[in-house]
């Protein structure tokens with residue numbers, strides 16, 4: 001595609017879109033650097049205001065639980081949660 005065929009408004013929108021996507025990626029990478037490697041089921045439900053049934057549906061769609069640890073608590077890898085929300089457009093800051 002010859003970029004000269006695009007008008008300035010279309011070019012500006014394209015640039016804004018690219019910067020928005022780059023910004024989202026940088027924010028998600030920053031979260032991975034600052035957040036713990038695992039998040040408990042309870043914390044995930046509380047922080048993202050999810051119903052237990054919603055979380056169960058997410059698991060059906062592919063969100064993976066980590067192996068249960070001592071006490072039987074359920075955890076998820078933070079990176080898996082972020083990737084799942086990215087895939088399903090559910091990630092919230």
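The values are calculated or read from the model by the stated rules, or taken from the named source; none is laboratory data. Bear in mind the structure is a predicted one, so any value in this text is a computation, not a measurement. As a convention, Cβ positions derive from the backbone with ideal geometry for all residues, glycine included, and neighbour counts pool all protein chains shown.
Tabulated data for the structure shown
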{"read-out": "Any hit, region 65-87, residues being surrounded by fewer than 10 Cβ atoms within 10 Å (Cβ to Cβ), part of a loop (DSSP other than H, G, I, E, B) and at pLDDT 85 or above", "value": "no"}
{"read-out": "Residue list for region 44-78, restricted to those being closer than 15 Å to residue 88 by Cα and free of Cβ contacts under 8 Å to residues at least 12 places away in the same chain", "value": "50, 54, 56, 57, 59, 60"}
